[in-house]
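*Asks:* What follows is a single structure, and I will ask about it in a moment.
What follows draws every value from the coordinates through simple rules; no lab data is involved. Since this is a predicted model, take the numbers as computed values, not measurements. So basically every Cβ, Gly included, is an ideal-geometry build from the backbone, and we count neighbours across all protein chains shown.
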Amino acid sequence: MALDPVLRGKRILVVDDEEDILETIEEVLAGARVEKARDYETASRRIREEPFDLAILDIMGVNGLKLLEETVARGIPTVMLTAHAIRPETLLESIRKGAISYLPKETLAELDTLLAQLLSAHERGEPTWKLLFERLGDFFDQRFGPGWKDKDREFWSSFSRTYQISRGIQERLKHDPRIRERGI
């Protein structure tokens, strides 16, 4: 199957400490320019020195939440992709730090489709989190168990109405050159 035109030719940084995951993502995204890193130091250097259209970060093993801060600071739309760290707390932290999505590694088979939809929504200024919860809300409910949002009820209530979190949006916008050029 051909890669969605939204992703074709895009320069995508993929960071994971598992080589087989990196290879799988590279295969799934054939047609994009996939750059790989297996550790925090390599990824951090590349984020500082090279331009990317998208970053896909594992959380565990590569200090993905710290890398998320770095990609957001560089204006790189970032998707968190995790297996071992898939918990409500890391989902919430990913939102607050400015990720555009948070995907379980169980979605690798449909990663190209999900990324194309997320990146398209992001480029149109639409809430990517709404798309995520429409597609994977049942997965999170099953994985995290009943009442998983109760601990942070106020946050999730507000978030569910808008699917945007001001701190994450503000963090991304303050690094967006299109916004900075306008003096906003």
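*Asks:* State the extension gain, in nm to one decimal, for the chain segment bounded by E35 and A73, taking 0.36 nm per residue of separation less the distance between their alpha-carbons. Mind showing how you got there, number by number?
*Replies:* Numbers: separation 38, 0.36 × 38 = 13.68 nm, distance 1.92 nm.
Gain in length upon complete extension: 11.8 nm.
*Asks:* Identify which of R74, R45, R87 has the largest mean-square fluctuation in a Gaussian network model of the chain, with springs joining Cα atoms closer than 10 Å.
*Replies:* Answer for the Gaussian network model of the chain: R45.
*Asks:* So for segment 11-181, taking the charge dipole from beta-carbon charges (+1 Lys/Arg, -1 Asp/Glu), which of A99, I21, I86 sits furthest toward the positive end?
*Replies:* Farthest along the dipole direction, towards plus: A99.
*Asks:* Between R87 and F144, 0.36 nm times their residue separation minus their Cα-Cα distance comes to what?
*Replies:* Values: separation 57, 0.36 × 57 = 20.52 nm, distance 0.69 nm.
Gain on extension, R87 to F144, equals 19.8 nm.
*Asks:* What does the charge count around T113 come to, taking other residues whose C-beta lies under 10 Å from its C-beta (Lys +1, Arg +1, Asp -1, Glu -1)? Mind showing how you got there, number by number?
*Replies:* Details: positive: R135; negative: D4, E110, D112.
Local charge sum for T113: -2.
*Asks:* Student exercise: in the chain, how many lysine pairs 8 or more apart or on different chains have Cα atoms under 26 Å apart?
*Replies:* Lysine pairs meeting the criterion: 26.
*Asks:* Which one, G147, G98, G31, has the greatest fluctuation when you compute a Gaussian network model over the chain with C-alpha springs under 10 angstrom?
*Replies:* For the chain, modelled as a Gaussian network with Cα springs under 10 Å, the answer is G147.
*Asks:* Another question, if that's okay. Once you order the gyration tensor axes a ≥ b ≥ c over the Cα atoms, which shape class does the chain get: rounded for a/c under 1.5, otherwise prolate or oblate by comparing a/b with b/c?
*Replies:* Details: a/c = 1.42, a/b = 1.15, b/c = 1.24.
Rounded shape, in that the Cα axes give a/c under 1.5.
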